[in-house]
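These notes are about the structure you will find just below.
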Amino acid sequence: MKTDYRIADKSLAPEGRRRIDWAWQYMPVLRLASEKWSVAKPLAGHTIAACLHLEAKTACLLKVLKELGAEVATAGSNPLSTQDPVCAALAEEGIHVFSRRGMSAEEYDENLGLALDWNPDIIIDDGGDLVAMLAEKRRDLIPAILGGCEETTTGIKRLRAMEKEKLLPFPMLAVNDAKSKHLFDNRYGTGQSVWDAILRTTNLVVAGKNVVVCGYGWCGKGVAKRAMGLGAKVTVVEADPHCALEALMDGCEIMDMEQASSAGDVFITVTGDIKVIRREHFVKMKDGAILCNAGHFDVEVYLPDLKALSVEKKDTRTNIETYVMPNGNRLHLLGEGRLVNLAAGDGHPVEIMDMSFAMQLLSAIYIAEHKLETALYNVPEELDKTIAELKLESLGLRLEILTDEQKRYLADWRE
C-alpha cells in the first residue's frame, strides 16, 4: 500500500512556501527550462523517485518535475539536511515526500522504501543510496526503470564500482561529471556554502588560522580558495600526486595527515573516503581544533575513534559537539560530522543549484525520451552546453560567434 507522505509537521507549510518562493526567484535557468516544456509535458506518464537534500532549492526542482507531468516521490538524502517546513509545503503540493530532520538511520531506510513504493521508472539520486537499495533490496522494481541520474562525486564513485562488478541495475547519467555541474556546483557552491556554515556556527575569525583541507578535487579547491580569501593559511592533505602539486602551485602547504593533525586549527574533509581523520590524528590535535566534513557521508571524520578516545562530550553550541580528550584538549565537531554545509547551513547558493537542478531536469527528460542500454553515461554534450547557454542568457550576456573562416581553421590541420 502506497503512503502519500511522512513528514514532521504539515502545519509548517506556510514557512516552507516562503523559503521556496525566495529560492525560485533566483533560479532563472530552471524557470526557462520549465517554460520551454510547459506545454509538451515530456514527463507525463512517468513516475520519478528522488533521493535529495530536501530544502528550498530542491523543492523548486521537484515542483517543476511535477509541473512537466511526472508523479514525484522523494526521500531526504541526509538526516540533518532536511528542512521540515519545505517538506510540509511539498506535501501540500501533492508531492509524496518522506523525510524529517533528525531521522534515525532506520527511518532513513524506511523513507527510501516508501518513495520506491510508488513504482518509479526514473530515478534521481544524490549519493547513490536509492540505486543501491534497488540493487540490493528492491530488485522487483528494476525491470520497469528506464534509467536515472546521479549528481554527486560520491554517488558516481559508487556507480562506477557497481558497473565494474557488472551490478549496475539500469542506465545512469553521471550528472556530477557534466561541466555545468562540477565546474560550478562543486567548486563555487561547496566553497561558499562550507564557509557559510562554519562561520554562522562558530562565530570565529578565519584570518590567521591554519585551515587543513583534506582532498583537493573540485570541492576541495573551492573550500581552499575561499579559506585563502578569508585570510587563512591553507594546508592540503592529498593522496594524489598531481592534485598535491596543483595545490602547491595554488599557494597551499602540502602535508600528510600525520603532520597536519598537529598544525591545523580547522579541519575540513572533502575526499569521499573513509577514516580520513582518525584515532592517531585526534590525539595530536590542538586544544580548540574544529572538525567538519564536506563529503557526502559521515565517515571521513571517524566518529567511533573520536567517541572512544574522549572522556567527555558536551553540546556547546547549536550544531557543535565538543569532545574532551584525556589531556584536556577540546575538539569541536560541527554538524555531527555530516555534510557541514547542509547540516549546519542552507547548502549551496541558490544560483549555483539552479544550474545543477536544471541539469537534473534535462537529464530526466532525456531518459524519458531515449531507450538506453544499462551503463554509466556522461550527460550528452548538447544538454551540458544548453545549461551554460541558458545561464548566460538569463544574465543578459552574449557569446562570441565564430565566423565560418574561424570554424574551418579550427577544424583543419593545415596552416
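The values are calculated or read from the model by the stated rules, or taken from the named source; none is laboratory data. What you see is a predicted model; the values in this text were computed from it and never measured. Glycine gets a Cβ as well: all are built from the backbone with ideal geometry, and neighbour counts include every protein chain shown. To get the accessible areas, we keep the full protein, side chains included, count just its heavy atoms, and leave off ligands, DNA and RNA. Shrake-Rupley method; radii C 1.70, N 1.55, O 1.52, S 1.80 Å.
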*Write out, first by first residue and then by second, each pair whose Cβ atoms fall under 7 Å of each other, whose residues are 6+ apart or on separate chains, and whose first residue, in region 296-314, is at positive phi and modelled with pLDDT under 95 while the second is open to solvent by less than 30 Å² (accessible area, probe 1.4 Å) and part of a loop (DSSP other than H, G, I, E, B).*
none
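For every residue, the table says whether it meets (1) at pLDDT 95 or above; (2) touching a Leu at 6+ places or on another chain (Cβ under 7 Å); (3) basic (K, R); (4) not in a strand (DSSP E or B).
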site	(1), (2), (3), (4)
L43	yes, yes, no, yes
I48	yes, yes, no, no
L54	yes, no, no, yes
K57	yes, no, yes, yes
V64	yes, yes, no, yes
N78	no, yes, no, yes
S81	no, yes, no, yes
A89	yes, no, no, yes
*Report, by residue number, each residue of region 361-377 that is touching a strand residue (DSSP E or B) at 6+ places or on another chain (Cβ under 6 Å) and of a type outside the set (F, W, Y).*
S363, A364, I367, L372, L376
*asked:* Could you check region 1-49 and list, in sequence order, the residues that are more than 26 Å from the chain's Cα centre (by Cα), polar (S, T, N, Q) and under 22 Å from I124 (Cα atoms)?
replied: T3, S38
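Being part of a helix (DSSP H, G or I) and either closer than 21 Å to K275 by Cβ or within 24 Å of the chain's Cα centre (by Cα) (or both) is the filter here, so list the residues in region 247-262 that pass it. It would help to see each step written out before you state the result.
Looking only at region 247-262, we keep the residues that are part of a helix (DSSP H, G or I), and these are 247-249, 257-262.
A247, M257, E258, Q259, A260, S261, S262, listed by residue number.
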*Kindly state which helices (runs of 4 or more DSSP H) lie completely within region 331-415 and contain at least 2 residues that are β-branched (V, I, T) and closer than 21 Å to I48 by Cβ.*
350-369, 381-394
*Could you look through region 211-227, keep only residues that are under 16 Å from the mean Cα position of the chain (by Cα) and among the hydrophobic types (A, V, I, L, M, F, W, C), and pick out the one that is surrounded by the most Cβ atoms within 10 Å (Cβ to Cβ)?*
V223
*Within region 385-405, track down each residue that is of a type in the set (S, T, N, Q), modelled with pLDDT of 95 or more and surrounded by 10 or more Cβ atoms within 10 Å (Cβ to Cβ).*
none
_Test result for E381, under 30 Å from A44 (Cβ atoms) and either in contact with a helix residue (DSSP H, G or I) (Cβ under 6 Å, 6 or more places away or on another chain) or open to solvent by 50 Å² or more (accessible area, probe 1.4 Å) (or both)_ = yes
*State whether the residues of region 105-112 include one that is under 22 Å from A8 (Cα atoms), among the small types (G, A, S) and open to solvent by 40 Å² or more (accessible area, probe 1.4 Å).*
yes
*For L167, all conditions in the list (1) out of contact with any helix residue (DSSP H, G or I) (no Cβ under 8 Å at 6 or more places or on another chain); (2) open to solvent by 20 Å² or more (accessible area, probe 1.4 Å); (3) not aromatic (F, W, Y) hold save one; what is the number of the exception?*
(1)
*asked:* If I ask for residues that are within 24 Å of I274 (Cβ to Cβ) and not β-branched (V, I, T), which ones from region 228-245 would you list?
replied: E238, A239, D240, P241, H242, C243, A244
*Which condition does L306 not pass, out of (1) part of a helix (DSSP H, G or I); (2) over 30 Å from E381 (Cα atoms); (3) open to solvent by 40 Å² or more (accessible area, probe 1.4 Å), if it passes all the others?*
(3)
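Restricting attention to region 170-183, and to residues there that are crowded, with 24+ Cβ neighbours inside 10 Å and of a type outside the set (K, R), which single residue is farthest from L376 (Cα to Cα)? Write out each step before concluding.
Taking region 170-183 as the starting set, the residues that turn out to be crowded, with 24+ Cβ neighbours inside 10 Å are 172-173, 175-176, 178, 180-181.
Cutting the leftovers down to of a type outside the set (K, R) gives us 172-173, 175-176, 178, 180.
Working: M172: 5, L173: 6, V175: 10, N176: 12, A178: 13, S180: 18 Å.
Looking at residues that are crowded, with 24+ Cβ neighbours inside 10 Å and of a type outside the set (K, R), I get S180.
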*Could you tell me whether region 143-160 includes any residue that is outside any helix (DSSP H, G or I) and free of Cβ contacts under 8 Å to residues at least 12 places away in the same chain?*
no
*Taking region 267-303, which residues are of a type outside the set (D, E), open to solvent by 20 Å² or more (accessible area, probe 1.4 Å) and outside any loop (DSSP other than H, G, I, E, B)?*
R279, L303
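Taking E312 as the residue in question, decide whether it is among the acidic types (D, E) and under 30 Å from L68 (Cα atoms). Please lay out each step first, then the result.
Working: among the acidic types (D, E): yes; under 30 Å from L68 (Cα atoms): no.
The answer is no for E312.
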*For region 145-162, which residues satisfy the criterion of being among the aliphatic types (A, V, I, L, M) and open to solvent by 10 Å² or more (accessible area, probe 1.4 Å)?*
I145, L146, A161, M162
*Does L230 satisfy being open to solvent by 10 Å² or more (accessible area, probe 1.4 Å), within 23 Å of A343 (Cβ to Cβ) and without any contact (Cβ under 8 Å) to a residue 24 or more places away in the chain?*
no
*Single residue of region 1-23 satisfying the filter (at pLDDT 95 or above and of a type in the set (K, R)) that is most open to solvent (accessible area, probe 1.4 Å)*: R18
